[in-house]
Amino acid sequence: MNMFSDIDSVWKGKEVEFISGKHKGRSGICMGFRNYPDGAGLLFDLGDKSVIVYSRDLESIRKITK
């Protein structure tokens, strides 16, 4: 078990809506938590591309919709 499995269990597979930032107005499915050289964050599939939302930018997510 990795140390981020609790974050994955909450977010992975959930659909969210973005209310600010460069993805404002879009929704996406969380593919899980990742740790990158620039910081830790959640990877989202927006349909046409995948994006990482770093922990410092989580306020851009309005709600979990599904």
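Computed from the coordinates by the stated procedures, all read-outs in this text should not be read as laboratory data. Because the structure is predicted, anything quoted here is derived from the model rather than measured. Glycine also receives a Cβ, built like all others from the backbone with ideal geometry; neighbour counts cover every protein chain displayed.
With a Förster radius of 25 Å applied to the beta-carbon distance between ASN35 and SER9, the computed FRET efficiency rounds to 0.95. The label-point distance for THR65 and ILE19, in a model that sets each label 7 Å from Cα toward Cβ, rounds to 1.4 nm. Panel values: the range 5-64, Kirkwood radius from alpha carbon pairs, Stokes-Einstein at 20 °C and 1.002 mPa s, translational diffusion coefficient 189 µm²/s.
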